[in-house]
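Taken together, the values in this text are just the output of simple stated rules run on the coordinates, not laboratory data. On a predicted model such as this, the values are computed, not experimentally measured, just so you know. Ideal geometry is used to build each Cβ from the backbone, glycine not excepted, and the neighbour counts take in all protein chains shown.
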Amino acid sequence: MSVPIEKAYALAKEQFAEWGVDTQRALDQLATVSLSLQCWQGDDVAGFDHDGGLSGGILATGNYLGRATTPEELRQDLQLAYRLLPGQHRLNLHAMYLETEGEKVDRDAIEPRHFQRWMAWAKEHGLGMDFNPTFFSHPRAADGFTLAHPDAAVRSFWVDHGKACRRIGEAMGAALGSPCITNVWIPDGYKDVTIDRSAPRRRLRQSLDEIFSDPIDPTLQLDAVEAKLFGIGSESYVVGSHEFYLSYAVQNQKVLCLDSGHFHPTESIADKISSVLQFVDQVLLHISRGVRWDSDHVVLLSDDVRSIAEEVVRGGFLPRVHVGLDFFDASINRIAAWVIGSRAVLQAFMIALLEPTERLKKIETAFDYTSRLSMLEGLKAMPYGAVWNYYCTTQNVPVGMAWLDEVRTYEKQVLAKR
Ligand code: RNT
Ligand code: ZN
């Protein structure tokens with residue numbers, strides 16, 4: 001380890017000790033924070049099972065060189081991203097990233113074998129996997145409705161897709177020895193003034209009940225449901241709203257997925273965590289960054305992300321909260337996007353873990369708000385960078401901006417030739 005990094009860390013360690021914080025303990029906990037990296041950042045949510053564009057009211061903008069166009073390219077790109085991140089992480093895969101050896105397999109007929117290569121690759125790299133049925137970018141989703149479609153035949157197609165995906169999740173969990181979270185998000189909704197807000201929700205509830213009716217061992221696979229406020233083309237009404245899925249998850253004990261871009265722009269998911277965890281066992285986060293709307297910009301070390309990490313750590317919720325990322329930016333190097341977003345989230349968790357939380361809680365319970373505010377501001381001047389650089393070094397990943405050099409080299413040698 002370089003002398004300046006070691007020296008800076010030793011000084012930082014002393015400074016944190018003065019606050020009663022054990023930096024090593026914080027870093028040991030940080031090493032257990034596993035991020036589920038969204039495969040779809042690598043190819044602008046294109047997938048491999050269709051030629052048409054992206055539908056479902058989400059949008060990747062930009063045309064940076066080097067988009068992954070095959071599963072091999074996507075794995076190669078992901079591999080570089082993982083190599084630049086401290087810690088052991090996960091892969092979040094969508095159903096449309098299947099591999100069928102040229103055979104046409106529709107979404108209702110997909111099987112674990114179509115994801116065999118992904119599983120083998122994940123195993124080789126020590127990655128857990130999470131999974132998502134793809135209820136968009138498909139002719140049967142062209143009406144903007146899937147599980148809540150008024151036509152029973154369309155609903156049944158998508159119910160079969162959901163069921164198939166849970167079996168695939170189960171296989172992933174078994175193959176990798178870590179439960180796979182299969183997360184249901186559907187785009188269903190209306191662009192404009194809506195007359196019947198109830199019937200589609202009744203249909204969605206029935207479809208979900210059907211999908212989840214096959215019992216699956218929760219040590220292999222867990223079901224999650226993801227709500228949304230609006231999408232492009234579903235500005236006025238989204239069937240799977242927050243109230244809908246919160247109620248569904250509580251009643252059926254499902255994992256609740258909270259996406260930070262899926263609420264009113266000033267509404268933060270941070271404050272929701274300690275509320276919903278009183279009533280559901282586990283939460284899945286989709287950490288994202290909306291700019292003026294649910295734009296899925298690359299996540300940064302913002303106050304918003306910091307408060308999410310603080311809430312998880314302060315509540316002692318690390319074992320019950322799964323941290324997924326959900327952004328897709330095609331205007332910058334896509335691997336850099338993964339690295340920037342992941343490092344930001346890990347830094348947010350590190351800062352939260354370096355907080356003298358017990359001390360602050362005591363002060364709060366004693367109604368000493370003056371000390372609470374003073375200490376929180378005082379902590380902002382602590383040497384987090386020194387601890388972060390030390391952590392990266394101990395985890396054998398590049399320190400400071402050195403990771404970008406590796407991405408640039410890869411861009412020249414690999415991406416520019418695609
Ligand atoms: C869409 C949801 C959903 C998707 C992915 C691709 O608004 O956030 O999670 O981003 O399934
Ligand atoms: Zn999401």
Estimated D of the chain in µm² per second, where Rh is the Kirkwood radius over Cα pairs and Stokes-Einstein applies at 37 °C, 0.692 mPa s
147
Based on the alpha-carbon gyration tensor of the stretch 267-347, what equivalent-ellipsoid semi-axes (square roots of 5 times the eigenvalues) come out, in whole Å, largest first?
24, 13, 11
For the stretch 15-55 and the stretch 316-337, compute the distance between their C-alpha centroids and round to whole Å.
5
Ranked on Cβ counts within 10 Å of their own Cβ, fewest leading, Glu103, Glu235 go Glu103, Glu235
Inverting the mean 1/r over all pairs of different Cα atoms, compute the Kirkwood radius of the stretch 112-265 and quote it in Å.
16.1
Roughly what would the spin-label model give for Tyr369 and Lys412, points 7 Å off Cα along C-beta, in nm?
5.7
Run through the DSSP bridge list for the chain and note the antiparallel percent, rounded to the nearest 5.
10
If amide H atoms are built 1.01 Å from N in the plane of the peptide, which residues on other chains or at least 5 residues away come under 5 Å of the amide H of Leu258?
Leu284, Leu285, His286
State which helices in the chain qualify, where a helix is a whole DSSP H run, it must extend 20 Å or more along its own axis by its Cα atoms, and its mean Kyte-Doolittle hydropathy must be at least -1.0.
3-18, 152-176, 334-353
So, how do all the Cα-to-Cα distances of the stretch 267-418 break down into 5 Å bins, in percent, from 0 on up?
2, 8, 15, 17, 18, 16, 12, 6, 3, 2, 1, 0, 0
Longer than 27 Å from Cα to Cα, which of Lys163/Lys228; Lys13/Lys123; Lys123/Lys417; Lys13/Lys380; Lys104/Lys412; Lys228/Lys254 are they? Say none if no pair is.
Lys13/Lys123; Lys123/Lys417; Lys104/Lys412
Pairs of alpha carbons in the stretch 26-141 whose separation is greater than 16 Å (percent):
63
Any idea what log10 I(q)/I(0) is at q = 0.27 Å⁻¹ for the stretch 195-269, Debye with uniform C-alpha scatterers and no solvent?
-1.34
P(r) for the stretch 88-198, please, calculated from all Cα pair distances in 5 Å bins and given in %.
2, 12, 22, 20, 16, 11, 8, 5, 3, 1, 0
Classify the stretch 328-418: rounded, prolate or oblate, from the alpha-carbon gyration tensor (a ≥ b ≥ c, eigenvalue square roots; a/c under 1.5 rounded; otherwise prolate if a/b is larger than b/c)?
prolate
Give a residue-ordered list of calculated ³J(HN,Hα) values for the stretch 50-61 (Karplus: 6.51 cos²θ - 1.76 cosθ + 1.60, θ = phi - 60°; whole Hz; x for Gly, Pro).
7, 9, x, x, 7, 10, x, x, 10, 8, 9, 10
Cα centroid separation, the stretch 119-151 to the stretch 200-266 (Å):
14
Hull volume per residue for the stretch 1-51, using the convex hull of the C-alpha atoms, in Å³ is 140
Just for the stretch 86-239, what percent of DSSP beta bridges are antiparallel, to the closest 5?
15
For Val414, which sequence-distant residues (separation of 5 or more, or a different chain) have an amide H within less than 5 Å of its own amide H, given hydrogens modelled in the peptide plane?
none
Only loop residues by DSSP count here, and only those with at most 15 other Cβ atoms within 10 Å; note down the trypsin sites (Lys or Arg not before Pro) in the stretch 150-206 that meet that.
Lys191, Arg197
Counting DSSP beta bridges with both ends in the stretch 173-292, the antiparallel % (nearest 5)
15
State the Kirkwood hydrodynamic radius of the stretch 179-334 in Å, one decimal place, computed from all pairs of distinct Cα atoms.
16.4
